[in-house]
Amino acid sequence: MSTVATESGMEEKQIFGHPVGLYVLFFTEMWERFSYYGMRALLVLYISTSLGDGGLGWTKAEALGLYGWYTMLVYVMSIPGGIIADKFLGQKKSVMYGAIILCLGHGIMAVEYEWAFFTGLGLIILGVGMLKPNISTMVGGLYKQGDLRRDKGFTIFYIGINIGAFLSAIIVGYVGEKIGWHYGFGLAGIGMLLGLLVYMRGQKYLEHVGNFLGASEESSEVMKAPLTKIEKDRMIVLILSFLIIIVFWGAFEQAGGLLNIYANEKINTSILGWEMPATWFQSFNAAFIVIFGTAVAGFWANRKLKGKETSTLLKMAVGTIIMGLGFLLMVFASNEAGQIEFGTASFWWLTFAYLLHTIGELCASPTALSFITKLAPVKYASIMMGVYFAATGFGNKLAGTIGEASQSEPVEIFYQAGELATNDSIVSKVAEDESFQVKANIYVENGELSIMDYETGKSIKNSIGFTKTESEEEIKSILIAEKATSAEPYHAKFSFEKDFEAKKIKENKGDGKNYEANFIIDEIQTQKEHDIFLFIFILTAVFGVLVILLLKPLKRLTHGAED
């Protein structure tokens with residue numbers, strides 16, 4: 001640690017040429033992201049896991065829908081979080097209160113009750129809203145206007161985010177998936193507590209940043225002054241840039257939703273006979289950032305030295321296009337999985353997709369935070385950072401909506417007890433009141449629906465009843481249209497889940513009653529995923545190209561803020 005005199009004559013303690021306060025914020029944010037991304041890695045899988053296996057038992061579409069709403073609200077709350085900081089508390093106190101609320105939220109989620117789960121989600125939404133926009137604005141506040149270290153400072157800060165994300169997916173993901181969901185949620189809470197302790201201990205290095213501007217008469221005048229023409233133009237650029245941010249994160253945040261489910265069900269995770277937890281894919285992005293971050297930054301630095309265009313808007317556009325290419329790889333993965341019955345795609349498709357997502361993120365995201373602090377008027381600094389994160393939140397909601405569209409609506413059925421006496425693979429599971437799945441060939445023959453157990457070749461049609469009378473006719477019409485026959489059948493996964501409360505009654509054990517059941521036709525689900533991956537690729541490519549075409553007029557409106 002060294003002490004350096006600043007331009008204002010004050011002494012500033014530095015580490016590796018940056019204020020010590022940067023590293024306080026680095027570790028605070030690292031542990032906050034550890035808690036957030038650890039919980040996020042588990043969220044959709046926990047919600048869509050059956051009650052018997054400790055989850056909430058929701059459908060995948062419902063899980064993705066909640067994921068979209070939750071991740072949107074987490075970031076949209078950055079707007080009131082920024083307003084509270086600018087108008088009442090200042091950024092420093094807002095971060096403190098946000099961290100405390102987050103500790104409470106993650107801690108409550110460790111309790112194994114549904115009310116605790118949703119209460120915890122609500123507190124996390126409030127806590128992130130208070131912390132996220134204000135801690136990022138504080139990083140910018142560590143540097144004077146025009147300080148060349150600012151972008152590097154944000155890059156260091158960004159590394160902290162991704163170290164936290166990497167560790168959380170490996171540690172929290174493993175604990176939650178292999179040991180117990182609520183143990184994972186509790187571990188995320190411990191991470192947040194460490195972040196709060198770091199922040200409290202580092203307050204002496206943050207004395208001159210994040211304070212409430214309205215506290216002094218001079219600051220009050222700044223807050224009351226009207227916006228200049230240049231400030232208004234820059235605000236226009238910021239607002240337009242938020243549109244591509246929505247598209248970028250709408251695609252990128254499939255990682256915690258659709259791609260998380262896809263990794264769990266459609267990716268071959270076997271490595272030399274060992275099954276890798278699906279949640280570990282969540283760590284790939286952060287690991288790739290650490291590995292390739294310097295190379296991507298070097299590319300843009302060399303381009304700038306050659307006098308070529310390196311504006312943040314261009315980086316956002318190029319990053320969005322590159323990230324979209326990752327979904328083109330997932331189109332190929334979907335094609336591979338669809339070639340065989342109940343097929344899976346190679347581990348490498350998703351790995352390289354995440355690599356492209358990471359390169360795209362490294363182009364678009366690290367300097368975006370710095371871009372906001374350069375263009376936003378001082379009086380609206382936290383509010384505009386809040387709007388940026390709100391745009392990220394709307395992108396998350398878009399991700400959830402797109403993810404929902406990728407899921408087939410399960411056809412509700414019921415198990416007709418006693419009809420499967422000749423099928424030992426099912427009878428044994430019913431006798432133990434287990435929840436179970438049956439894979440089956442499904443087709444229409446002589447005008448009748450045939451459902452044949454994929455493993456035994458025996459019919460299970462008489463054991464299944466359709467909850468809605470019209471459902472069977474709808475399925476038959478689909479299979480006829482798709483020309484599914486006994487020679488070339490379609491394939492379906494039938495899921496049977498014993499009612500959680502009925503399972504507790506010993507007298508009813510093995511009676512085959514109180515089962516909730518549904519099925520999804522695998523080929524239709526695969527086609528939906530294929531179409532969604534292709535749609536995301538086209539969407540990101542179109543928006544990226546559009547920003548490049550509008551680059552010159554948008555740059556004029558920044559009035560040289562990045563020069």
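Data for the structure
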quantity	calculated
Scope the range 98-126; condition of a type in the set (A, V, I, L, M) and either touching a Cys at 6+ places or on another chain (Cβ under 6 Å) or closer than 20 Å to Gly68 by Cβ (or both); matching residues	Met109, Leu121, Leu123, Ile124, Ile125, Leu126
Residues of the range 16-59 classified as over 19 Å from Val95 (Cα atoms) and surrounded by fewer than 22 Cβ atoms within 10 Å (Cβ to Cβ), total	14
Where a residue in the range 84-103 is on the phi > 0 side of the Ramachandran plot and its partner, wherever it lies, is surrounded by fewer than 20 Cβ atoms within 10 Å (Cβ to Cβ), with Cβ under 7 Å and at least six apart	Gly90/Asn211; Gly90/Phe212
Count of residues meeting criterion [out of contact with any helix residue (DSSP H, G or I) (no Cβ under 8 Å at 6 or more places or on another chain) and aromatic (Phe, Trp, Tyr)] in the range 126-170	0
Filter pass, Asn302 being in a helix (DSSP H, G or I), at pLDDT 85 or above and farther than 28 Å from Val74 by Cα	yes
Criterion violated by Ile524 - all others in (1) closer than 30 Å to Leu240 by Cα; (2) in a helix (DSSP H, G or I); (3) among the hydrophobic types (A, V, I, L, M, F, W, C) satisfied	(1)
Contacts under 7 angstrom Cβ, first residue in the range 372-387 being closer than 17 Å to Asp151 by Cβ, partner among the aromatic types (Phe, Trp, Tyr) and in a helix (DSSP H, G or I), 6 or more apart	Ile372/Tyr388
Hits in the range 464-506 - residues which are within 30 Å of Gly54 (Cβ to Cβ) and in contact with a Gly (Cβ under 9 Å, 6 or more places away or on another chain)	Glu497, Lys498, Phe500, Lys503
Count - residues of the range 65-89 that are within 9 Å of Asn396 (Cβ to Cβ) and polar (S, T, N, Q)	1
Positions within the range 12-43 being modelled with pLDDT under 90 and among the polar types (S, T, N, Q), in sequence order	Gln14
Condition broken by Glu62, with the remaining ones in (1) surrounded by fewer than 20 Cβ atoms within 10 Å (Cβ to Cβ); (2) touching a Gly at 6+ places or on another chain (Cβ under 9 Å); (3) at negative phi satisfied	(2)
Scan of the range 452-494 for residues that are touching a residue at least 60 places away in the same chain (Cβ under 8 Å) and either surrounded by 18 or more Cβ atoms within 10 Å (Cβ to Cβ) or in a loop (DSSP other than H, G, I, E, B) (or both), ordered by number	Tyr454, Ile475, His491, Lys493, Phe494
The listed residue being touching a strand residue (DSSP E or B) at 6+ places or on another chain (Cβ under 6 Å), among the small types (Gly, Ala, Ser) and either on the phi > 0 side of the Ramachandran plot or part of a helix (DSSP H, G or I) (or both), out of Ala287, Ala317, Ala333, Ala295	Ala333
Test: residue in the range 44-51 that is modelled with pLDDT of 90 or more, of a type in the set (A, V, I, L, M, F, W, C), within 16 Å of Gly173 (Cα to Cα) and in a helix (DSSP H, G or I)	yes
Qualifying positions in the range 247-272 - among the β-branched types (Val, Ile, Thr) and within 14 Å of Gly65 (Cα to Cα)	Ile261
Residue list for the range 253-268, filter: modelled with pLDDT of 85 or more and either in a loop (DSSP other than H, G, I, E, B) or not assigned by TED's automatic domain parsing to the domain that holds Met39 (or both)	Gly257, Lys266, Asn268
Single residue of the range 130-155 satisfying the filter (in contact with a Phe, Trp or Tyr (Cβ under 8 Å, 6 or more places away or on another chain) and surrounded by 19 or more Cβ atoms within 10 Å (Cβ to Cβ)) that is farthest from His18 (Cα to Cα)	Met130
Test: Ile340 is among the hydrophobic types (A, V, I, L, M, F, W, C) and in a helix (DSSP H, G or I)	no
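The values are calculated or read from the model by the stated rules, or taken from the named source; none is laboratory data. Keep in mind that this is a model prediction, so the values were computed, not measured. Reconstructed Cβ throughout: ideal geometry from the backbone, glycine too, with neighbour counts over all protein chains shown.
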